[in-house]
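One structure is given here, and the rest of the page talks about it.
The values are calculated or read from the model by the stated rules, or taken from the named source; none is laboratory data. Nothing here was measured: the structure is a model prediction, and the numbers come from that model. Glycine gets a Cβ as well: all are built from the backbone with ideal geometry, and neighbour counts include every protein chain shown. Side chains included, ligands, DNA and RNA excluded: accessible areas come from the protein's heavy atoms. Shrake-Rupley method; radii C 1.70, N 1.55, O 1.52, S 1.80 Å.
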Amino acid sequence: MRARWLLVVLGLLLAGCTGGGGTATDGTITLRFQSLAWQDESVAANKALVKEWNATHPDVKVEYVQGSWDSVHDQLLTSFEGGEAPDIIHDASDDLADFAYGGYLADLRELLPERLKSDIPQRSWDTTTFGDGIYGVPFLQEPRVLIANAKWLREAGVRIPTPEQPWSWAEFRRITRQLGDGDGKYGVAWPLKEPVSATLNLSLSAGGQLFHRGADGKVTIRFEAADETVPRTIHDQANTDHSASPTTLGSGGSDTLPGFFGGRYAMVPLGFSYRQQIAQQAPKGFEWQVLPAPAGADGLTQGVSPQTLSIAEDTQHPREAAEFIDFMLRPENMVRLASGDWMLPTGAEALKSPSLRTEKDGWATGTALAGHLRSAPAQSVRGYPEWKDKVATPAFQEYYSGAIDLAELRKRLEKDGNLVLARYQR
């Protein structure tokens, strides 16, 4: 009897050590919220909202846990399998598919209030819908834009694009030729250390899809004419026109900024949030402006993978977790989170905020693009991470460097890629 009693006590102690929240003896519920905020402004906004929640909800306390974008997928997988997942999970929609299909995330359809459901447009909900369920609330999104040296463009006399009259991809290529001098100054610097998402998301503007789901629900890869527009433009800028810097093709976005500030590149295609670094680091007197990415047959459409808030399937308190998410994503709070991350909110009410529609730092250009953002092409494709790492990344890198031609790129993406996807769709 004594041994059995000890085993029961040990089991209770171990249960109390799990990563999710629980209920204290006085009835107080504690929820663990893992945030991936990393910029000072963003961390401060998240922590302030947690503090405000705790001050007004004495029976449901939220504990802030700092996570990292660099390791979140493996860390979450380990915590899910070990029964130690946080109750509320900050991630990105393109990281959710395997967790959703694996049964690690709660279906939010019956948990979220109607206010939140109706405030966020369906095109954003599409990014977190897997099968019949919704497994995350998309709340921040980031279009890709062109950050330009305003003085350089003005002195060159080129037409400045607007969201109402953007450049076409052909016009963009022509203008980068005009801006470069072929002697160390380039019209554009493409930072393509991670080339896949940039290429696929921008390709939606030209009608590119790449991933095609059949009537049986299975996905196949077809690299068709519309999929060629963006990669061919980048390839030709770097290898034919020499209007794109070849040295930045393997760089990250931040790596291009010193050359941009130093007058080597007229433009750099970057995520919208890079404006914060530019505003902080640009030399005194440096004039920069935000331009929309080029448009194709489908206009300014581009793919995004929004930041998300999810609830662990194993949480003991899904209703309370959903109430906290609803609090975090009230319109005024969504504006605070967007401002802290220099990104766009998904919520329609938050997007109306005057603070997100100023000309300063290009906010107005970003909000003008919000209605053109769609679910990234590979959002719900199982096996996408492996395809991206093992097939697509090296293939695009070699194509952009000039090591292989378009036919070889197509062969690798389709033949090798479909072999990878087939293993996930048996």
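A few notes on this one:
- Top-ranked residue in region 376-404 [being open to solvent by 40 Å² or more (accessible area, probe 1.4 Å) and acidic (Asp, Glu); ranked as nearest to the chain's Cα centre (by Cα)]: Asp389
- Candidates Leu257, Leu337, filtered to the one that is free of Cβ contacts under 8 Å to residues at least 60 places away in the same chain, touching a strand residue (DSSP E or B) at 6+ places or on another chain (Cβ under 8 Å), surrounded by 18 or more Cβ atoms within 10 Å (Cβ to Cβ) and in a helix (DSSP H, G or I): Leu257
- Test: residue in region 208-215 that is surrounded by fewer than 22 Cβ atoms within 10 Å (Cβ to Cβ), under 30 Å from Ala378 (Cβ atoms), small (Gly, Ala, Ser) and out of contact with any Pro (no Cβ under 8 Å at 6 or more places or on another chain): yes
- Taking residues in region 403-426 that are over 19 Å from Arg213 (Cβ atoms), and partners anywhere that are loosely packed, with under 12 Cβ neighbours inside 10 Å, not one pair has Cβ atoms closer than 9 Å while being at least 6 places apart or on different chains.
- Filtered residues of region 229-250 (kept if open to solvent by less than 20 Å² (accessible area, probe 1.4 Å) and not hydrophobic (A, V, I, L, M, F, W, C)): Pro231, Thr233, Gln237, Ser243, Ser245, Thr248
- Unmet criterion (only one of (1) in contact with a Gly (Cβ under 7 Å, 6 or more places away or on another chain); (2) assigned to a helix (DSSP H, G or I); (3) touching a residue at least 24 places away in the same chain (Cβ under 8 Å)) for Ala85: (2)
- Every pair of residues 6+ apart whose Cβ atoms lie under 6 Å, when the first sits in region 116-135 and is more than 15 Å from Pro345 (Cβ to Cβ) while the second is surrounded by fewer than 16 Cβ atoms within 10 Å (Cβ to Cβ): Ile134/Arg109
- Per the listing Val50, Val145, Val62, the residue uniquely open to solvent by less than 40 Å² (accessible area, probe 1.4 Å) and assigned to a helix (DSSP H, G or I) is Val50.
- Complete set of residues in region 194-230 that are at pLDDT 95 or above, in a loop (DSSP other than H, G, I, E, B) and over 19 Å from the mean Cα position of the chain (by Cα): Gly207, Arg222, Phe223, Glu224
- Within region 231-254, the set of residues being not polar (S, T, N, Q) and not in a loop (DSSP other than H, G, I, E, B) comprises Pro231, Arg232, Ile234, His235, Asp236, Ala238, Ala244, Pro246, Gly253.
- Enumeration of residues in region 375-426 that are over 20 Å from Ala92 (Cβ atoms) and either in contact with a strand residue (DSSP E or B) (Cβ under 8 Å, 6 or more places away or on another chain) or not in a helix (DSSP H, G or I) (or both): Gly402, Ala403, Ile404, Asp405, Leu413, Glu414, Gly417, Asn418, Leu421, Gln425, Arg426
- Residue that is modelled with the lowest pLDDT [pool: residues in region 22-42 that are assigned to a loop (DSSP other than H, G, I, E, B) and either closer than 30 Å to Ser273 by Cβ or aliphatic (A, V, I, L, M) (or both)]: Ala24
- Note on region 168-189: among residues that are of a type in the set (Phe, Trp, Tyr) and touching a strand residue (DSSP E or B) at 6+ places or on another chain (Cβ under 7 Å), the one that is most open to solvent (accessible area, probe 1.4 Å) is Tyr186.
- For region 82-129, the set of residues classified as at pLDDT 95 or above, closer than 17 Å to His317 by Cβ and either surrounded by 15 or more Cβ atoms within 10 Å (Cβ to Cβ) or touching a strand residue (DSSP E or B) at 6+ places or on another chain (Cβ under 6 Å) (or both) consists of Ala85, Pro86, Asp87, Ile88, Ile89, Tyr104, Leu105, Ala106, Asp107, Leu108, Leu111, Leu112, listed by residue number.
- Listed conditions (1) among the polar types (S, T, N, Q); (2) within 18 Å of Thr365 (Cα to Cα); (3) open to solvent by less than 10 Å² (accessible area, probe 1.4 Å) are all met by Ser273, apart from (3).
- Scope region 294-334; condition among the hydroxyl-bearing types (Ser, Thr, Tyr) and open to solvent by 10 Å² or more (accessible area, probe 1.4 Å); matching residues: Thr301, Ser305, Thr315
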